[in-house]
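> Please see the structure below; I have some questions.
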Amino acid sequence: MKTVLIYSGGLDSTVLLHHLASTGSVAEAVSVNYGQKHFKELEFAAENCRRLGVPHRVIDLSSLSDMFGDCALTSPKVEVPDGSYAPENMSATVVPNRNMILLSFAAARAIAKKCDAVAYAAHGGDHALYADCTPEFADAMAGAIRLADARKIELLRPFINMAKAQIVSLGAKLGVDFSLTWSCYKGGERHCGKCGTCSERRQAFIAAGVPDPTAYED
Ligand SMILES: [Zn+2]
């Protein structure tokens, strides 16, 4: 099955890149610059693709960033909140309808490249706060993507029933170099260690019993 992967350069999608590359099924990895402060994740994406010999395409949608309003991931006026994923402090990290945008572009590439599927690293730990990460949303998008081309492209979510710690365990088995993945929404010199996504990254390594190579600020 020839697959287009939505690839951010984060931990989950890097494990999925290795997983798909190990079966030789990834035709192209697609990363999107949507004006995220942590655009340095794209450098990690490029490096992992280079090492695995996977064709990598970066779609530049950075001019969209001011369309997302008061989103902490894109607006210079809004700080990325620290702490765990409690709705009251993390709602600022919602990028409006991000997954529909990403899936739409990846589906276009799958049609253009005559691929059979689009894959992304949605997982069991995704938060209800992100409406476009829910199974209901993904099912609806899967239906729309199937209808977008006569080839009936499939939407694959192989990690949908896995916790982040299980993804770390799988990555360790696949030989993923986790130091070449980026999670922190602040996009500083190093991972801050305090924002929601840094907290989850840390906890996932601990729960998996896998050494965490990340250099955190704190
Ligand atoms: Zn952080």
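Read-outs throughout are calculated quantities, based only on the coordinates presented, and are distinct from any laboratory measurement. Note that the structure is a prediction, hence the values are computed from the model and not measured. No Cβ is skipped: glycine too gets one built from the backbone with ideal geometry, and neighbour counts run over all protein chains shown.
> Using a cut-off of 9 Å between beta-carbons, work out the net charge of the residues near Met1 (Lys and Arg +1, Asp and Glu -1, Met1 not included).
With Lys, Arg at +1 and Asp, Glu at -1, the net is -1.
> Longest segment of the chain with no GluC sites (Glu not before Pro) in a DSSP loop having at most 13 other Cβ atoms within 10 Å?
80-188
> Using square roots of five times the C-alpha gyration tensor eigenvalues, list the equivalent-ellipsoid semi-axes of the chain in whole Å, biggest first.
25, 21, 16
> Using DSSP to call loops (not H, G, I, E or B), can you name the trypsin sites (Lys or Arg not before Pro) in region 137-174 whose Cβ has at most 13 other Cβ atoms within 10 angstrom?
Loop-located and lightly packed - Arg151, Lys152.
> Would you compute, from DSSP H runs of 4+ residues alone, the mean residue ellipticity of the chain at 222 nm, taking -39500 (n - 2.57) per run and dividing by the full residue count, rounded to the nearest 500?
-11000 deg cm²/dmol
> Quick one, can you get me the convex hull of the C-alpha atoms of region 76-183 expressed as volume per residue in Å³?
Convex hull volume per residue, Cα atoms: 145 Å³.
> While we're on this one: Find how much the distance from Asp149 to Ser62 grows on full extension, using 0.36 nm per residue of separation minus their present alpha carbon separation; answer in nm with one decimal.
28.6 nm
> Turning to a different aspect of this structure: Say the cut-off is 30 Å between C-alpha atoms; which of Lys77/Lys173; Lys40/Lys152; Lys113/Lys186; Lys40/Lys164; Lys2/Lys186; Lys173/Lys194 go over it?
Correct reply: Lys77/Lys173; Lys40/Lys152; Lys113/Lys186; Lys2/Lys186.
> With each pseudo-label sitting 7 Å past Cα toward Cβ, what's the Asp82-Thr23 distance in nm, one decimal?
According to this spin-label approximation, the distance is 4.2 nm.
> Moving on to the next point. Please work out how much length the chain gains when fully extended from Lys114 to Ala92, using 0.36 nm per residue of separation minus the C-alpha to C-alpha distance, in nm with one decimal.
Length gained between Lys114 and Ala92: 4.2 nm.
> Just how far, in whole angstrom, is region 131-173 from region 1-76 if you go by their alpha carbon centroids?
The distance from the Cα centre of region 1-76 to that of region 131-173 comes to 15 Å.
> Once every Cα of region 22-149 carries one equal point scatterer and solvent is ignored, give the base-10 log of I(q)/I(0) from the Debye formula at q = 0.12, 0.21 Å⁻¹, two decimals.
Values returned for q = 0.12, 0.21 Å⁻¹ are -0.53, -1.42.
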